[in-house]
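Worksheet: the structure to be examined is printed underneath.
Every number in this text was worked out from the coordinates using simple rules, so none of it is lab data. Everything numeric here is computed off the predicted structure, so don't read it as measured data. Quick reminder, even Gly has a Cβ in these numbers, built from the backbone with ideal geometry, and neighbours come from all protein chains shown.
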Amino acid sequence: MGSVRFEQVTKRFGSVEVIRNMELSIEDGELVVFVGPSGCGKSTMLRLLAGLESVSEGRVYIGGRDVHMLEPKERDIAMVFQNYALYPHMTVRQNIAFGLKLSGLSKPDIERAVAEASSLLGLKELLDRKPRELSGGQRQRVAMGRAIVRKPQVFLMDEPLSNLDAKLRNHMRVEIRKLQQRLSTTMIYVTHDQVEAMTMADRIAIIDGGEVQQFGTPQEVYHRPANIFVADFIGSPAMNFVPASRTDERTLTMPGGLSVEIPAERAAQIDDADEVLLGIRPEHFQIANGASDDLITWSAPLEMCEPLGGEHLIHAGMGDSKVVVRAPGVWSGCESGMVPLAFDPELAHIFDPAGPCLSHGRAA
């Protein structure tokens, strides 16, 4: 069983605490992505799990077994690093087989394992080449093959695609996801790229400052963010945050004098907060086609327009605030000075300026 559990794990380097009282449980066969900005602690968590760093406090479990005192080779894990670390003087075949040879496996068993892995990864025609004769994507697959042949309980991947160009990254993340589903093995994948996280993961652990800010499915973290950090980090372009003042129990006033009437149940959720932030996804704005009782509409000064082929990103004003609007299809108003915008306030999340989400908007 490849379940993984961090139990009140803390990691310090000297006086600096990089992981704080971490509690996290990963089920057997899941693909979980650790995502967050540089320096948040996500790679340190992977290294603690691999045994490359020791925990300062707490316990780490793999398959129900406490491994925090075990050497890396005793943990039944396989790791693929950002630097593939292939042996340049060895062929693909020799690189894949190297770990099995050290473990004392018989030659027929090694050949069988290499044949299975190379077939799975599309490397059969490349087995006699050396790393310098391979593309970046091919080298990445060799590194994965070296991990696969060991048949570990858990695969650990630390930003394995960051050295590839954008098109190849898109291709390889699909291949990694398909491979994980085929093998049904637990995989923990570290990245700073929220697109990789959203497209690959069964569940995402969003990490900042050594703490998990939210742990859930891609849909959960996108549609029901726990706090401002999660809402801002997940989504491209990022969520818009618009300040609003509470003028009476159910009325919020936004920049430019726009007013939002909120239902009684949402007013109860935000309690007595006088100042809040409305979080609005770029795709929840629309080009207005006249006034509507259900929508907040205004004429916004147009600051910039980014045509992306199938959509436009419109940068516009809302009083003293700025918003980014995703407009699908062809839009001909990029040369105009003003743009009529609208949004449904029921789609907006309401945040405490200190961070927590007080009230989630409904899914569009």
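List Met172, Met79, Met157 from most exposed to least, where exposure is judged by having the fewest other Cβ atoms within 10 Å.
Arranged by neighbour count, lowest to highest, Met172, Met79, Met157 become Met172, Met79, Met157.
Only Cα pairs under 8 Å and at least 6 apart count here; give the relative contact order of the chain as a rounded whole percent.
This gives 15 percent for the chain.
Can you compute the label reach from Glu211? Point 7 Å from Cα along the Cβ direction, backbone N cut-off under 11 Å, restricted to the stretch 6-22.
Residues 20-22 qualify, since their backbone N sits under 11 Å from the label point.
Can you give the relative contact order of the stretch 217-364 as a percent, counting alpha carbon pairs under 8 Å and 6+ residues apart?
About 26 percent, as a whole number.
Pull the list of the chain cysteines that no other Cys approaches to under 4.7 Å, Cβ to Cβ.
Cys40, Cys357
Under a crude label model (7 Å from the Cα following the beta-carbon direction), how far is Arg65 from Asn163 in nanometres?
Here the modelled spin labels are 3.1 nm apart.
Once label points are set 7 Å from the Cα along Cα→Cβ at both Glu220 and Gln8, what is their separation, rounded to one decimal in nm?
2.4 nm
More than 22 angstrom separation, counting every C-alpha pair in the stretch 240-359; what % is that?
In whole percent, the long-distance tail amounts to 34.
Taking 0.36 nm per residue of sequence separation and subtracting the Cα-Cα distance, how much length would be gained by fully extending the chain between Glu175 and Arg20, in nm to one decimal?
Here the segment from Glu175 to Arg20 would lengthen by 52.4 nm.
Give me the mean projected area, in nm² to one decimal, of the convex hull enclosing the Cα positions of the stretch 1-153.
10.3 nm²
222 nm [θ] for the chain, helices only, -39500 (n - 2.57) per DSSP H run of 4+, per residue, to 500?
Only helices count here, giving -7500 deg cm²/dmol.
So between Gln94 and Glu311, what do we pick up on full extension, going 0.36 nm a residue minus the alpha carbon distance?
Here the segment from Gln94 to Glu311 would lengthen by 73.3 nm.
Tell me the net charge near Leu308. Cut-off is 14 Å between Cβ atoms, Leu308 excluded, with +1 for each Lys or Arg and -1 for each Asp or Glu.
Here the count lands on -2.
Let me know the Kirkwood hydrodynamic radius for the chain, please, with Cα pairs as the basis and the value in Å to one decimal.
Radius from the Kirkwood sum: 23.1 Å.
If you take every DSSP beta bridge whose two residues both sit in the chain, what share of them, in percent to the nearest 5, is antiparallel?
Taking every DSSP beta bridge with both residues in the chain, the antiparallel ones total about 75 percent.
At R0 = 51 Å, how high is the FRET efficiency between Glu249 and Ser184 if r is their beta carbon distance? Nearest 0.05 is fine.
E between Glu249 and Ser184, to the nearest 0.05, is 0.45.
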